[in-house]
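Report on one structure; see the data block that follows.
The values are calculated or read from the model by the stated rules, or taken from the named source; none is laboratory data. Only a predicted model underlies this, so the values are computations on that prediction, with no experimental measurement involved. Ideal geometry is used to build each Cβ from the backbone, glycine not excepted, and the neighbour counts take in all protein chains shown.
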Amino acid sequence: MIMKEVSFIIFIAGLFSKGLAELCFLSVPSNIELLQTSNQIQLSDVTGVLDYLMGFSTQTNSHWKGVKKMDVFNRPQANLFINLLADDDMHIGLDECVVKYNTKNMDISEIFSENIIFHIGSKYDKKKPTIVRLLSDGELLRTLVSDNTAGTDESKTVTQMRQRLQESNSVASNWTSAYCLDIERTTEAFFFGELQAMLDIVNYLEINPEAVFDSVPDFFYFSLTGLHKLAKVYGVKSCQVDTAIRVLEKVLPNVVASFNNLYKGMLLAEAHIYSNPRSFDEIHSRHTRSINVHTDIKGLVMPKSKDYPVIANMIFWFMVVFVLATLAASYAIWFMDPGRDSIIYRMTTQRMKID
């Protein structure tokens, strides 16, 4: 009986632990100072926090106390968001983390910063920002790019990723099969392919600085699922996963540093490390439904303002009063006695007698 109760308690604790995750700020501009608080951030509020830090209007700052100082007139030039799907038993050490917050939400396991894209697109409607999103769709790696020239949607298979990784300047060149990882296997090739895609994006922006040096803030969203795929195939305690974690601990800070140098210190970068309690197939379907490469705001309704309830009530009750007044006047006129109640008819009758 005691063993059953202990097992039940461990089971319940495991359910709640799966909703925990970390939001680590890897780069913060000098004009923003964040506070380390013990309060957890709901995942539904993270996009509002990012909107606020990027200088856009939001209601999140009213109850989030994580900002000590901020210059609203000197907003960050870019936001880099890395969404890393891991496992509960993994520990990924990011020493470059400026400040770290716990996130908790039992129903939401992923973050899609559509609000930031909407705010950037609506505020800078004449100038298109550079928006890059890296998403995994099954065994395909999708890179969605939208800038001031055009929008592209490029998908790479594992075979194409392996061809890039076989080059001498790839991220996999320093991590051979002696470290338990072999790009000839599909899972390892996909893991390295995600990292290589991030590095190739940085290299492209360094070669083409015209996409960076403008007055419009840019947005980069990288969703990394290769580590979780390795854990599903080899196990969390395997040599492959342990090596992959060490690779991430070296590559991610380099990617952030390259972006930060590219934007001259005005980069806001975050890494969201989480474990998804849902099935892996649900992640793929959610990614597919959420893709929207175009930044032109067409057919979308603007968010409701804080005065919306007041305006809606005024319009509604005015319509109610107007309809009731119209019905009352119509009823009175319909059952009116022309000889007694209407001054119009009495005056008309007098004029007829005078004539």
Among the residues of segment 141-162, count how many are at pLDDT below 80, of a type outside the set (S, T, N, Q) and buried (at least 16 other Cβ atoms within 10 Å of the Cβ). 1
Do we find that GLU194 is touching a Gly at 6+ places or on another chain (Cβ under 6 Å), of a type outside the set (A, V, I, L, M, F, W, C) and either farther than 23 Å from GLY235 by Cβ or not in a loop (DSSP other than H, G, I, E, B) (or both) in this structure? yes
Return the residue satisfying two criteria in turn: it lies in segment 95-124 and is surrounded by fewer than 19 Cβ atoms within 10 Å (Cβ to Cβ), among the aliphatic types (A, V, I, L, M) and at pLDDT below 80, and of such residues it is nearest to the chain's Cα centre (by Cα). ILE108
For segment 171-192, enumerate the residues that are crowded, with 21+ Cβ neighbours inside 10 Å and either more than 28 Å from the chain's Cα centre (by Cα) or not assigned by TED's automatic domain parsing to the domain that holds ARG246 (or both). ALA172, TRP175, LEU181, ILE183
Out of GLY66, GLY138, which single residue is at pLDDT 75 or above and among the small types (Gly, Ala, Ser)? GLY66
Is it true that some residue in segment 274-295 is at pLDDT 55 or above and not in a loop (DSSP other than H, G, I, E, B)? yes
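Just checking, how many residues over segment 208-240 are part of a helix (DSSP H, G or I) and over 27 Å from the mean Cα position of the chain (by Cα)?
Restricting attention to segment 208-240, the residues satisfying the condition of being part of a helix (DSSP H, G or I) are 209-211, 226-234, 239-240.
Next, from what is left, pick out any that are over 27 Å from the mean Cα position of the chain (by Cα): 233-234, 239-240.
Adding up the residues that qualify gives 4.
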